[in-house]
Each structure stands twice: as C-alpha cells, then as structure tokens.
Amino acid sequence: MGSTRELLRDPLELGLRGYAEGGDVVRYVVGLPGRRREFFTVNHPDGVGELLNAPRHLDYRKDSEFYRAMRDLYGNGLVTSQDETWLRQRRFIQPLFTPRSVDGYVTPMVEEAERVAVRWHNCPSHLVDLDGEMRALTLGVAARILFGVQAPRMLPVLRMALPVLGRAVLQRGVSAVRIPSTWPTPGNRRIARAESRLDGLCDAIIERRRTVAEPGTDLLGRLVAAREDGDTLSTEEIRDQVKVFLLAGHDTTATMLTFALYLLGKDAGVQDRARDEAERVLGAGTPTASDVHRLTYTTMVLEEAARLYPPSPYLTRRAVEESEVCGYRIPAGADVNLAPWVIHHRADLWPDPFRFDPDRFTPDRVKERHKYAWFPFGHGPRGCIGQRFAMLEAAVTLAILLREFEFRSPPGSVPLTVDLLLHPAGEVPCRVRRRVPVHSAVHRTHQPS
Ligand code: HEM
C-alpha cells in the first residue's frame, strides 16, 4: 500500500492506516512502474526485540535510504556510523553519559529552566509558544553541557538549517527516484545553503575551542584533545559528531517537553498531581539530581508524553539477508521500519490509546505490558545514549515550571509534522499563569533578561 506523496504528506496517518488494514507487518510499494521501491513497517513489539537486540541487530543495518540520506547530510557521527567506527565512537563518548556523569549536569539544567521561568514571569501576555520555548531551552542545555557555549547565537542557524535538512532526509529516504545532489535545482541549492550554515557554525565552535590552552572534559573538549593526543578522531569526525549531537541532543527532548506541558495544560487533575509532587520533593530549594530521581509521577507524565508523541516516530534499517520478522518474510536488501508511532497507539497494548493517562506507567502496569510496547528511545546496542540525560533534563524542567506556573492549553489538538523527527507543525500556544505565593529559587538567583 501507499504512495510517495502520501508518505511525504502524512506518514503518521499512513502508518496507522497501514496497521488497521495490514496488521503487524505491512509492505509498502512506492514510485512509478519501473522505478518502484518496497519497504516494510513492523507494527508489533516482538519486532523491536527481533530487530534491535544483539546479535541480530547486525543483520539490520543503518543502511536504509533514510540513514544513507542522513549520513550524506549530517556526516558519520555516533547516530549514523556503523561497525568498528561506531564501536570506537561509542566507547569514546560513553563516559560522558554514565549515570554519575549525567547527574553532574543537573546544575546547568536547573539554571536554563529557571531562565525560562524568569522570562515567563516578565511575559506580559502570559501566552507562550511551548515549542519555541522548549527548543531554546534544550539547545541552551546541550550547548552548555556538551560544547561549553551559549546557545542564543546558534538558534537562528539551527532554525534555518534543521527543518531544511530534516525534510531533505525524509524526501530522500522515501522517494523511489533520487535527484543527484549535484544538480542545481532550487531544492538542492536550499539544502546546500543549510549544510554550509550548519557546518560553518560547527567549525566556529571547534576552532574557538582549539585556541584555548586546556580543551576541557566536555564532549567538545574530549573530541579536540583526542585528535591532538593520539589521532583518535579525525577533524571531519569532530564536526560530524558536533553536528549529530547538536541535533540529537536537543530536538527530541524539546518535543517531549513541549507535548508534556501541552498535555498538562489540558488536564488540570494531572497537572495538580505533578505540581504537588514537585512541591513535596523539591520544596522551595534548588533541585539536586537525587531530588529529581524522586519525581516519579513527573517521570510518568514524560513517559506518557513520549508514548503519545514519540519524537522518533519511525526507526529505519536495511535487512542484510532474507529474514523473518514477526513471522513475515523480509527480502534481502529491503528497508524495514520499526514504528514507535504505531506500536505506541495499538489499542491491544494501550487501551483507549489516544487518551493521556500517566498512570499507564505505574510499575505494576509496566510489568503487565509487553516489554517492547514502549520504546521512544530505541533499544539494544544502538539505543539512545542520551536517554538518562533527556529524562533528567525534562523532569527537572517540568518540576521547576510547575512550581512557578499554571498551564492552560487552548481547546483543539496540535497539528503534527514529520521530517527526520516528529514536531508540532507550528507554534504550540499555552497560557501560563504565575502562581501565588511565589516561593522558588528563581527569584533569588536571576534578574529579568
Ligand atoms: C526525548 C529525548 C530523546 C529521544 C526520544 C531520543 C530517541 C533516540 C532513538 C529512538 C535513538 C535510536 C535510533 C535508531 O535506533 O535508529 C537514539 C539514538 C541516539 N540518541 Fe537519542 N533521543 C533523545 C535524546 C537524546 C539526547 C539528549 C542525546 C544526547 C545528548 C541523544 C543522543 C543520541 C545518540 C548519540 C544516539 C545514537 C546512539 C548509538 O547509535 O550509539 N539523544 N535516540
């Protein structure tokens, strides 16, 4: 089933329809006669284990059209690399993402969340765009922690470049016909401009760090020092890594936070419960990492937001050999997608699947469910290295903002769009009302900016 146009217009709707009509594994054929492409989408959680667990994950490579396009445009960083290169990169970067390292990032996370709170206190209309706000916040956090730089100057470049490159990945990933990237079409020229702006931004960040005597121990410092010490990483690898982490380190977390706040703004009961927890656990003080780990209900809210709106709605691979997934034959060389978007909305796994209900994530209910019914962070050896980082950042942000504000989302739903990732199609307006009495650290530590 399917057509390229449908895929580009609404891959989410097509995924749900594919499941309704085709079930656990659906074969899509796109393109014109003579130039057809087929691929498969796996809608059953058994497929998650089959495709992503070691050692079988080696039979499903990141060589899908989608990942090839991503490699072309974003380079060969940790998200896109494979084999020995990937292993070397993962071992090199992993120490920055151990539980202990991540807990150590809580202070900049708190400060960036408090900066948003101060700005909202000074927002006369009390109407904010959650998407823009959360994107700026998560970029601020990632830029400080991973690259030791302040984000505001990066924002305009990323706002220009990421949507263009994301759309190009989707287009190249699903189209049966590939227009060579060297042809001077308006689309290719737009992509080249976006690439060049993004590369320029990354190179400037790298060059600045090269001029300081001590490169430091953050991601950028480690990358720069590694090159100087033992030629562990090439110059191009540093840029590819910066590019991939710029994207992966903020865009997905922003989407999870945006939808968590939007959903809280729709459900006063859940919002009150999450706020009670924030006040009970954090009091009026500055949150520590161990406080944040006790925010169990807030974490459930985030898990439910990531279920309803998985920031990576499809994970794609290419089958090396003919194989069987969920009992279906997948031919050698076929692209095969795992669909968090569909699996997260299956009524047999998630009764009333479109309803927002954080209690789905109580430990008892998690135990009763299929182990892979929820996988917004992927799974297995290629699972998200930043899961703990993202959850810590998002929980501390929600708790700080809930302590300060009440949220009210307008009626209606948020239109969605998919490029490389899932995003709201436009602004996500929300009314934020300052709470009385105001009692948090925000007022002690920050001046209005
Ligand atoms: C809510 C937030 C996030 C979501 C939903 C998310 C989702 C994912 C998913 C689904 C994958 C696996 C992709 C695949 O199998 O094809 C992945 C991989 C990855 N993510 Fe995340 N991510 C998030 C936050 C982060 C953060 C904060 C960082 C870094 C600071 C990060 C860095 C990475 C990297 C480097 C990989 C590739 C890991 C490897 O293959 O070794 N992510 N992420």
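A few comments on the model shown:
- Among the residues of the range 3-49, those that are in contact with a helix residue (DSSP H, G or I) (Cβ under 8 Å, 6 or more places away or on another chain), in a loop (DSSP other than H, G, I, E, B) and open to solvent by less than 30 Å² (accessible area, probe 1.4 Å) comprise Gly31, Asn43.
- Candidate set: the range 362-392, residues that are outside any loop (DSSP other than H, G, I, E, B) and more than 12 Å from the ligand (Cβ to nearest atom); chosen: the one surrounded by the most Cβ atoms within 10 Å (Cβ to Cβ): Val366
- Residue in the range 208-229 that is closer than 21 Å to Leu96 by Cα, within 16 Å of the ligand (Cβ to nearest atom), open to solvent by 10 Å² or more (accessible area, probe 1.4 Å) and polar (S, T, N, Q) present: yes
Every residue, every condition in (1) open to solvent by 30 Å² or more (accessible area, probe 1.4 Å); (2) under 18 Å from the mean Cα position of the chain (by Cα), yes or no:
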site	(1), (2)
Leu51	no, no
Lys62	no, yes
Glu65	yes, no
Val79	yes, yes
Arg88	yes, no
Phe92	yes, no
Arg100	yes, no
Thr107	yes, no
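- Counting only strands (runs of 3 or more DSSP E) that sit completely within the range 293-361, those holding 3 or more residues that are within 12 Å of the ligand (Cβ to nearest atom) correspond to 315-319, 335-338.
- Test: residue in the range 245-260 that is more than 21 Å from the chain's Cα centre (by Cα) and buried (at least 21 other Cβ atoms within 10 Å of the Cβ): no
- Segments classed as helices (runs of 4 or more DSSP H), wholly inside the range 108-211, with at least 3 members that are closer than 30 Å to Leu8 by Cβ and in contact with a strand residue (DSSP E or B) (Cβ under 8 Å, 6 or more places away or on another chain): 155-174
- Residue identified as crowded, with 20+ Cβ neighbours inside 10 Å and polar (S, T, N, Q) among Ser312, Ser323: Ser312
The values are calculated or read from the model by the stated rules, or taken from the named source; none is laboratory data. Quantities reported herein were computed from a predicted structural model and do not represent experimental measurements. In this analysis, Cβ positions are derived from the backbone assuming ideal geometry, glycine residues included, and neighbour counts consider all displayed protein chains. Please note that ligands, DNA and RNA were not included when accessible areas were found on the heavy atoms of the full protein model with its side chains. Shrake-Rupley method; radii C 1.70, N 1.55, O 1.52, S 1.80 Å.
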